[in-house]
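Take a look at the structure set out below.
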Amino acid sequence: MRIDANLVDRLYRQARAGRWRVPEDRFARALEASAERALGDDGAARDVERYLTSLHLEDLALACACAQGDEQAWEHFVLVQRPLLYRAADALDPGGGARDLADSLYADLFGVGEHAGERQSLFRYFHGRSSLTTWLRAVLAQRHVDRLRTHRRLDALPEEESAGALRATAAAVEPERNRYVQLIRRALTGAVARLDARERLRLACYYAQELTLAQTGRMLGESEATSSRQLARTRSTLRTAIEHQLKAEGLSRTEIGECFASVSEDAGPLDLRLMLEDEAAADAPRKKTAVDRSG
Amino acid sequence: MDSPRERDETVERLLRQSLGTPQRGGVTDACLDAETLAAWTAGGLAGSALEAVQLHVADCVRCQSVAGTLARISSTVPQAEPVQPSRRWLAWFIPLAAAATAVALWFAVPRNPGAPQTVASRAPVSEAPASDPFAFRDRPPIAPPEPAQAPPAGRQAPESSAAGQTPQAAEVRREKARSNALDQPAAEGNVAKEEAAGRDPAKDKKVDAFQPAAAPAGAAAAATQAAPSNQRERADSARPALRAAAVAAPEIVSPDPAVRWRILGTAVQHSSNGGSTWETIPIGVTAELTAGVAPSTTVCWLVGRNGVVLLTTDGRTWSRLTFPEITDLSDVRTVDAGGHVATVSTADGRTFVTTDAGVTWSAR
């Protein structure tokens, strides 16, 4: 994609790229890469201009300069961003456990490896669509989450025997309640899966990530009040869907009420592995019945 | 259990249990890169790009965790330029030098009460609006921003709804608890639950104690003039980004360097001779202004607190534009000399774009 030279020149001055001694052609390549990534190869000139003028141009120029190894730019970047990155790391882990992630970022940003004679800096993934600060936070958040998830994968799972024993004990104590709990949870899983993506995202932000309504609204581009209303509406939709599903399973009105009552108190955290096993077991006879009926 | 309200509460309890349980899911090719995540959480995506992101994140546990973590970091750590240690002394030196110069002038220059003052040597900036006969004094002030968050509190366990309380009321109560917990250190949503017991409130305070940036050296003189408004700003420790922008009190230079504007707290001054003399321009608002841009000698955009966006297309008269939110604005950018296209940034990092001179805005 070729960008009009006048536009490049204007954006170059607007980005004040000259103060970091970024060559104009290099800055133009960064703009082209950014536009191609966002709009593809065939973006209309008007769209390209609108997109490029909305970029964080000064940050993009600084990233270009750092990537090409300009000492002053790098010094400025470290001076400005290091404290912010450390604060973000401390917010992730007040014990300082995330600071090593922040430190390791600098090595990647500086570029320890080379490709075709050019240093491979992490800055090549920055295209000015967000501020440098927010981008660095996102990179840090990604690495933090991935590390936590890796550690969790390495954690030993509970012994099979103890899990089986617990399940057997629970089943023996309240067999009817367990059946109701499984029915309603399965109905919920199906109902959530049938929601549209935006509704599922809202549920995930609010219930899984435990964001506030304001944060949830921001993720969805809506106001706090709208998020609150939509969540209430989705809960109501899910309740109706669960009721229909339970009725379709052949439960009476009283039994449906008991299903809801069985989970009205905190039943403790769910073990998804057990749920999936239970669902698989429950699906088998259902499939058989469906085959019998079709036959 | 027959009432819909009770059942809705049960559904909510189930959602908390099932969605709140740590789940596993690997990184896929479709997972969002850091910049897309950053642009999304900063409100910088729109249209099909936004839809694609939402579609993916709705079903990707890993991206949900990263986005949630990023949202919490952004809430906990404000985005602001840090202090430049090597120039910290300037923050003290410039006001002292200015004060010394003022004292020297007081003694050196003979006073003549009848002599007219030049615009450049007028009363302090904070008095400019009061002396402005065109200021809209009858306009009710816009509601101030919400007060700072309450001190950190531990994340609350799912509570049972009190009898007679609507689900919405229960949600408001929960939301209050969440807001109180905003200052808690952020971590991956599900993992955070496992680690919550080990948090140290004393260390959380370290984050709250973030101090704003000192004025850049080039803007120090203007910062000295804007001292009254800066005192008010120092009390508002919740908005360092805005504060950093306001302290800078930048001159807004048009493509013709002779024509420029400057923001001095709540006032705007215009110069057509490269800053030799300045004339105060009535703008009709009392909110503090934070940034501006002039893509031509007649077009200038200004933004400020409480969603204030001002535009002049003749360099003299200002129109206040309607902004979609009453929120503090920290930056405005444009290269459109026609005065139609502009990009405005909020103090909390979001971006809004107009292409019709502020008639409509879209979040990016």
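Would you mind ranking A:Asp4, A:Asp108, A:Asp93 so that the residue whose beta carbon has the fewest other beta carbons within 10 Å leads the list?
Working: A:Asp4 12, A:Asp108 16, A:Asp93 21.
Lowest to highest Cβ neighbour count: A:Asp4, A:Asp108, A:Asp93.
Taking θ as phi - 60° and the Karplus parameters 6.51, -1.76 and 1.60, the scalar couplings of the stretch B:42-55 work out to 8, x, x, 10, 8, x, 5, 4, 5, 4, 4, 5, 5, 4 Hz in sequence order, x denoting glycine and proline. The stretch A:67-84 and the stretch A:1-23 have Cα centres separated by 20 Å.
With an a/c value of 1.5 or above and a/b larger than b/c for the gyration tensor axes a ≥ b ≥ c computed over the alpha-carbon atoms, the stretch A:20-128 is described as prolate.
Taking the Kirkwood radius as Rh and the Cα radius of gyration as Rg, the stretch A:1-83 has a ratio of Rg/Rh equal to 1.00.
Exposure proxy shown here: for A:Tyr207, A:Tyr86, the number of other Cβ atoms within 10 Å sets the order, fewest to most, as A:Tyr86, A:Tyr207.
For peptide A:7-14, what's the mean number of Cβ atoms from other chains within 10 Å of each residue's Cβ? The partial results should precede the final answer.
On the way: counts 1, 0, 0, 2, 1, 0, 2, 5.
Going residue by residue through A:7-14 and averaging, the value is 1.
Between the amide H of A:Arg119 and any residue lying 5 or more places away or on another chain, no distance stays under 5 Å, with hydrogens modeled in the peptide plane. With a 10 Å cut-off around each Cβ of A:218-224, the average count of Cβ atoms from other chains is 5.
For the stretch B:307-351, trypsin sites (Lys or Arg not before Pro) meeting the loop criterion (DSSP other than H, G, I, E, B) and having at most 15 other Cβ atoms within 10 Å: B:Arg316. Label-to-label distance, B:Arg316 versus A:Ser264, with points set 7 angstrom from Cα along the beta-carbon direction: 7.4 nm. Among B:Trp301, B:Trp318, the order by Cβ neighbours within 10 angstrom, fewest to most, reads B:Trp318, B:Trp301.
Using packing as a proxy for protection, rank B:336-342, B:326-332, A:189-195, B:61-67 so that the peptide with the highest average count of other Cβ atoms within 10 Å comes first.
Numbers: B:336-342: 18.3, B:326-332: 21.6, A:189-195: 15.1, B:61-67: 25.7.
Highest-to-lowest ranking by the protection proxy: B:61-67, B:326-332, B:336-342, A:189-195.
Distance between the pseudo-spin-label points of A:Ala225 and A:Arg124 (7 Å out from Cα toward the beta carbon): 4.9 nm.
Any read-out appearing in this document is the output of simple, stated calculations on the displayed coordinates, not a laboratory observation. Just so we're clear, the structure is a prediction, and the values are computed from it rather than from any experiment. With ideal geometry, Cβ positions are generated from the backbone for all residues, glycine too; neighbour counts draw on all protein chains shown.
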